[in-house]
1. Looking at (1) away from ligand 1 (no atom under 14 Å from the Cβ); (2) open to solvent by 60 Å² or more (accessible area, probe 1.4 Å), find the lone condition where B:ASP105 falls short.
2. What's the total number of residues in region A:69-84 that are part of a loop (DSSP other than H, G, I, E, B) and either of a type outside the set (Ser, Thr, Tyr) or within 15 Å of ligand 1 (Cβ to nearest atom) (or both)?
3. Restricting to region A:22-68, name every residue that is small (Gly, Ala, Ser), surrounded by fewer than 19 Cβ atoms within 10 Å (Cβ to Cβ), assigned to a loop (DSSP other than H, G, I, E, B) and within 13 Å of another protein chain (Cβ to nearest Cβ).
4. Return only the number of the condition from (1) within 14 Å of another protein chain (Cβ to nearest Cβ); (2) within 16 Å of the chain's Cα centre (by Cα); (3) more than 6 Å from ligand 1 (Cβ to nearest atom); (4) modelled with pLDDT under 95 that B:ASP39 does not satisfy.
5. Checking B:PRO240 against (1) touching a strand residue (DSSP E or B) at 6+ places or on another chain (Cβ under 6 Å); (2) not assigned by the TED database to the domain that holds B:LEU180, which test does it fail?
6. Let me confirm something: among B:GLN44, B:GLN66, which residue is within 14 Å of chain A (Cβ to nearest Cβ), out of contact with any Lys or Arg (no Cβ under 7 Å at 6 or more places or on another chain), more than 9 Å from ligand 1 (Cβ to nearest atom) and assigned to a helix (DSSP H, G or I)?
7. Just give me the residues in region B:248-266 being under 25 Å from B:PRO130 (Cα atoms) and loosely packed, with under 13 Cβ neighbours inside 10 Å, in sequence order.
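The values are calculated or read from the model by the stated rules, or taken from the named source; none is laboratory data. Note that the structure is a prediction, hence the values are computed from the model and not measured. Cβ coordinates were reconstructed from backbone atoms using ideal geometry, including for glycine residues, and neighbour counts include every protein chain displayed. These accessible areas exclude ligands, DNA and RNA; they are computed on the full protein's heavy atoms, side chains included. Shrake-Rupley method; radii C 1.70, N 1.55, O 1.52, S 1.80 Å.
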Amino acid sequence: MAKITFVTFDGVRIEADAENGSTVMESAIRNAVPGIDAECGGACACATCHVYVDDAWQEVTGEPEAMEEDMLDFAYDVRPSSRLSCQIRVSDELDGLVVHVPERQA
Amino acid sequence: MSEITKTDVVIIGAGPVGLFAVFELGLYDLKCHLIDILDRPGGQCAELYPEKPIYDIPAWPEISGQGLTDKLMEQIKPFAPQFHFNRMVTRLERQPDGQFHVETDEGEVFETKVVVIAAGGGSFQPKRPPVPGIEAFEGKSVFYSVRRMEEFRDEDVLIVGGGDSALDWALNLQPIARSLTVVHRRAEFRAAPDSVKKMFELVERGSVRFELGQVSGLTGEGGQLSSATIKAAEGETEIPVTRLLPFFGLTMKLGPVADWGLNLHENLVQVNVETFETSEPGIFAIGDINWYPGKLKLILSGFHEAALMTQAAKRIVSPGEKVVFQYTTSSTSLQKKLGVA
Ligand SMILES: Cc1cc2nc3c(=O)[nH]c(=O)nc-3n(C[C@H](O)[C@H](O)[C@H](O)COP(=O)(O)OP(=O)(O)OC[C@H]3O[C@@H](n4cnc5c(N)ncnc54)[C@H](O)[C@@H]3O)c2cc1C
Ligand code: FES
């Protein structure tokens with residue numbers, strides 16, 4: 001279990017409980033976090049689940065893999081902290097994770 | 001106006017559900033034209049997950065998105081459906097005689113007795129990059145695809161993106177453009193290695209300029225671009241640009257379906273579950289685009305809807321004719337249509 005905080009573009013903080021093994025995207029969808037579309041349902045095929053990982057957490061979440069990095073080409077305003085939330089797996093280590101939702105996905 | 005194509009059924013969308021509808025309609029001798037904005041059949045299965053396995057297609061323990069599309073194409077072949085790709089259906093209007101006119105953005109007109117909307121999650125449309133004010137230049141100096149190369153002759157062309165479309169067009173337009181710049185956010189490309197190599201050869205020769213970064217601003221007047229600002233790690237640079245081609249992939253947008261006067265439920269077309277007819281008689285909606293109580297967005301549900309829709313469509317196309325229910329296993333007349341008897 002991990003508690004994840006989504007910070008929307010307007011600065012609203014939404015807290016969610018996420019099960020180990022699920023993805024950060026799934027927890028965003030389950031909690032209706034505005035600004036996460038996840039059109040492809042987590043297939044790493046749409047880049048509409050783009051988030052910025054909070055500075056304090058980038059080391060824990062790690063770097064995107066090659067396929068995710070390719071898909072990030074189709075996301076908007078990509079920064080060094082950019083990740084596709086469907087590719088971040090929840091574990092106890094991520095308890096307290098903070099991610100920021102970009103202005104828009106598509 | 002171009003010539004009118006007459007047919008029994010126009011299917012809007014060539015996703016898995018639109019494809020299977022050809023089969024069901026074909027068993028009842030209804031001829032179909034399919035229109036899709038994509039350049040190939042398969043809808044979401046082909047565009048979003050061609051290589052991913054699907055596990056819940058009855059009798060196929062595992063089949064990929066592309067595999068399913070290929071099998072459907074094989075299955076409907078006997079009915080010789082006519083495909084019209086790279087076209088968006090923009091208008092749908094009932095004529096005084098009760099038939100429909102279906103119009104595309106390429107100006108074609110289809111006259112049909114029945115319309116089947118199998119538009120899925122909506123039409124795939126290019127993503128618009130997050131550059132302030134870009135809308136004002138679209139169609140005049142910002143394009144999301146190249147329809148006429150001449151529009152780029154002697155222009156300062158800027159291509160954004162790192163996929164095959166971006167690189168293919170960089171290579172194709174470089175000889176006719178006045179200048180050509182490619183902007184991509186990283187040094188790696190997800191494109192055919194040969195195109196990447198060719199592009200970097202042109203960069204070395206000075207024929208193409210490559211910038212690492214993202215487009216952050218555009219300037220120009222009356223829809224005509226004059227320059228673009230490129231934001232890189234080291235800061236911003238402004239370069240002269242008169243044509244911009246952003247390639248950021250596709251996203252699904254409901255699109256024109258919303259404008260056809262049909263009853264909608266949260267952006268989905270409401271249907272009657274006996275016939276899958278919409279609020280307009282003669283217009284049906286099947287697959288992901290429709291809504292009814294209990295709807296599940298599964299390929300399997302779309303297939304079922306196609307079979308039931310066909311019964312009602314047949315009654316419209318051949319009024320007065322008895323609609324006979326038959327099995328493909330035992331009906332010689334169905335087998336003749338399938339070319340197996
Ligand atoms: C990653 C992922 C995994 C999935 N896994 C499964 C699974 O395991 N099992 C399952 O059953 N389902 C699965 N689905 C859902 C399944 O793909 C859809 O239910 C199915 O594609 C719906 O088919 P469709 O033909 O209704 O629509 P679509 O496949 O969406 O096709 C609609 C087509 O219509 C076109 N179109 C729309 N409007 C217009 C217009 N105005 N003019 C021209 N063309 C237009 C679109 O471009 C598109 O090609 C999955 C979906 C995704 C994204
Ligand atoms: S949900 Fe589509 S890439 Fe993450």
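1. (1)
2. So the answer is 7.
3. Those that are small (Gly, Ala, Ser), surrounded by fewer than 19 Cβ atoms within 10 Å (Cβ to Cβ), assigned to a loop (DSSP other than H, G, I, E, B) and within 13 Å of another protein chain (Cβ to nearest Cβ): A:GLY41, A:GLY42, A:ALA43.
4. Condition not satisfied by B:ASP39: (1).
5. Answer for B:PRO240: the failing condition is (2).
6. B:GLN66
7. Across region B:248-266, there are no qualifying residues.
A quick yes/no check of all residues on (1) touching a Pro at 6+ places or on another chain (Cβ under 8 Å); (2) more than 25 Å from B:LEU25 (Cβ to Cβ); (3) not small (Gly, Ala, Ser):
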site	(1), (2), (3)
B:ASP194	no, yes, yes
B:SER207	no, yes, no
B:PHE210	no, yes, yes
B:GLY222	no, yes, no
B:THR229	no, yes, yes
B:LEU254	no, no, yes
B:VAL257	no, no, yes
B:ASN267	no, yes, yes
B:THR278	no, no, yes
